[in-house]
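Student: Quick one: the structure is below, and I'll ask about it shortly.
The values are calculated or read from the model by the stated rules, or taken from the named source; none is laboratory data. Worth saying up front: this structure is predicted, and the values here are computed from it rather than measured. Backbone-built Cβ (ideal geometry, glycine too); neighbour counts: all protein chains shown. All accessible areas refer to the heavy atoms of the entire protein, side chains included, with ligands and DNA or RNA removed. Shrake-Rupley method; radii C 1.70, N 1.55, O 1.52, S 1.80 Å.
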Amino acid sequence: VFTLSFTSTDQTITAAGSLTLAHSLGAVPSLVQTLLICQSADAGYSANDVVLINPHNQETANFGSYGAAIWLDSTNVNVRYGSEAVVFQVLNKGTGVGTSIDITKWKLRIKAFA
């Protein structure tokens, strides 16, 4: 049972960028959720659609610089975006085909629990 939680504000996705998000949980989170929030139509999704993703499971054919590395400590959730211009790929909502997102149409939200 988690007694503490943190939800970040929606964060800009920037290729090769980084984030340091103070979570104020007082402990290393035991669970983290990574969410992509659609801002305007892209890859079959509509504005305000929320897509739960595995930040490391990006680009299955080649190990490209897609996705994000996320590491935790008792103070912060740290994020390093991959250096590929599209950063993340999702399955198209309507077709299921792997699709690179337009990062100007999405934000990243992190939820952490302790």
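Student: Could you say whether any residue in the range 60-68 is of a type in the set (Val, Ile, Thr) and at pLDDT 95 or above?
Tutor: Step one: filter the range 60-68 for residues of a type in the set (Val, Ile, Thr), giving 60.
Now restrict to residues that are at pLDDT 95 or above: none.
No: zero hits.
Student: Oh, and also: Right, Leu35: within 20 Å of Thr104 (Cα to Cα) and not in a loop (DSSP other than H, G, I, E, B) or not? Outline the logic, then answer.
Tutor: On the way: within 20 Å of Thr104 (Cα to Cα): yes; not in a loop (DSSP other than H, G, I, E, B): yes.
Yes, satisfied.
Student: Also, quick follow-up: Taking the stated definitions as given, is Thr7 of a type in the set (Ser, Thr, Tyr) and in contact with a helix residue (DSSP H, G or I) (Cβ under 9 Å, 6 or more places away or on another chain)? Even if it seems obvious, please write down each step before you answer.
Tutor: Numbers: of a type in the set (Ser, Thr, Tyr): yes; in contact with a helix residue (DSSP H, G or I) (Cβ under 9 Å, 6 or more places away or on another chain): no.
In short, no.
Student: Another one. Please go through the range 13-25 and pick out each residue that is exposed (fewer than 14 other Cβ atoms within 10 Å of the Cβ) and over 21 Å from Ser74 (Cα atoms). Walk me through how you get there before you give the answer.
Tutor: The initial filter retains those residues of the range 13-25 that are exposed (fewer than 14 other Cβ atoms within 10 Å of the Cβ), namely 14, 16, 18, 20, 22, 24.
Within the range 13-25, Thr14, Ala16 qualify.
Student: Taking the condition acidic (Asp, Glu), over 11 Å from the mean Cα position of the chain (by Cα) and surrounded by fewer than 19 Cβ atoms within 10 Å (Cβ to Cβ), does Asp10 pass?
Tutor: Numbers: acidic (Asp, Glu): yes; over 11 Å from the mean Cα position of the chain (by Cα): no; surrounded by fewer than 19 Cβ atoms within 10 Å (Cβ to Cβ): yes.
No, not satisfied.
Residue-by-condition table, conditions (1) open to solvent by 30 Å² or more (accessible area, probe 1.4 Å); (2) within 11 Å of the chain's Cα centre (by Cα); (3) free of Cβ contacts under 8 Å to residues at least 40 places away in the same chain:
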residue: Val1; (1), (2), (3): yes, no, yes
residue: Thr34; (1), (2), (3): no, yes, no
residue: Ser46; (1), (2), (3): yes, no, yes
residue: Ile53; (1), (2), (3): no, yes, yes
residue: Val79; (1), (2), (3): no, yes, no
residue: Val97; (1), (2), (3): yes, no, yes
residue: Asp102; (1), (2), (3): yes, no, no
